[in-house]
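The values are calculated or read from the model by the stated rules, or taken from the named source; none is laboratory data. Values in this document were obtained by computation on a predicted structure and should not be read as measured data. Cβ: placed from backbone, ideal geometry, glycine included. Neighbour counts: every protein chain shown. Accessible surface areas use protein heavy atoms only, side chains included; no ligands, DNA or RNA. Shrake-Rupley method; radii C 1.70, N 1.55, O 1.52, S 1.80 Å.
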Amino acid sequence: MVVVGGGIVGCMTALALVKRGHQVTLVERNQIAAQTSGEASWAGAGLLFPLLPWFYQDVVNQLSLDGAALYPSICQQLLAETGIDPEYIQSGMLIKPPFDEKLALDWCEKNNIAIEKQAVDLYLPHVGQVRNPKLMLALKHSLILHGVQLIERTQLASITETTQINTWSTASGEVIAGDCFVVTSGAWSFELLKATASTLNIKPMRGQMLLYQVPL
């Protein structure tokens, strides 16, 4: 099986497949866990909670919350296996105005999510986070330990076939074979699949982050 995309979702998918007995190849257009890749899995804040979930569909929130609940055990397993600590902590999340307070409180009560009022802010004490770069390093080491073949710095060409495929060409003309391809390339999936999946509406969106240097 071939997993396309070496972010958190791709790495975890590859691990899940290889642990079920599949031979797995992971193809990444940049380098997995590299700071220079600039992808979301490395650069994200690592917050394990949907932002303003009261504006999302229930199915989206359920997927997010179920996934977040797995992180403590996943991080413990990765630390034991690789010696690299993804640094999971229960940090909590502070929500600053403006927000619809009644909507937020009603949603948290409905979904049994602890929430506290702190002056004009709302605080969710049970929200966790991970250190994304450490998580990606641990995942890469785990992939190697489990025998996943990593093909990095390899850009795949857009698919033009409309039927089932068992090979996928790279931008340089090489061919990667597999009995099944799992696309986990996030916002770049549309570029790979747009010729065969006209209903897709996926595009990269720019976020904003600040990185502080904290004195030790």
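For the set TYR56, TYR71, solvent exposure ranked by accessible area (probe 1.4 Å, protein chains only) runs largest to smallest as TYR56, TYR71.
Surface analysis of region 102-194 yields an accessible area of 58 Å² per residue, using protein heavy atoms and a 1.4 Å probe. Among the helices of the chain, those built from whole DSSP H runs whose Cα atoms reach 18 Å or more along their own axis and whose mean Kyte-Doolittle hydropathy is at least 0.5 are 132-145.
The residues of region 17-65 have, on average, 60 Å² of accessible surface per residue, using a 1.4 Å probe with all protein chains present. The simple spin-label model puts a point 7 Å past each Cα toward its Cβ; for ALA114 and GLN62 those points are separated by 2.5 nm. Surface composition of the chain: carbon plus sulfur atoms hold 55% of the accessible area, using a 1.4 angstrom probe and ignoring ligands, DNA and RNA.
Let me confirm the definition first: pairs of Lys residues in region 1-157, 8 or more apart or on different chains, C-alpha distance under 19 Å. How many are there? Within region 1-157, the lysine pair count is 4. Residues LYS194, LYS96, LYS140, ordered by accessible area of protein heavy atoms at a 1.4 angstrom probe radius and largest first, appear as LYS96, LYS194, LYS140. Structural size metrics of region 92-176, computed from C-alpha coordinates, are Rg and Dmax of 22.8, 60 Å. In terms of its C-alpha gyration tensor, the chain has a prolate overall shape, because the principal axis ratio a/c (a ≥ b ≥ c, square roots of the eigenvalues) is not below 1.5 and a/b outweighs b/c. Summarising the amide proton neighbourhood of THR170: residues at separation of 5 or more, or on other chains, whose placed amide H is nearer than 5 Å comprise ALA157, VAL175, ILE176. Net charge dipole, the chain: roughly 260 debye, given to the nearest 20, about the Cα centre with Cβ charges of +1 for Lys and Arg and -1 for Asp and Glu. In this structure, GLU101 and THR160 have a Cβ-Cβ separation that, at R0 = 45 Å, corresponds to a calculated FRET efficiency of about 0.30.
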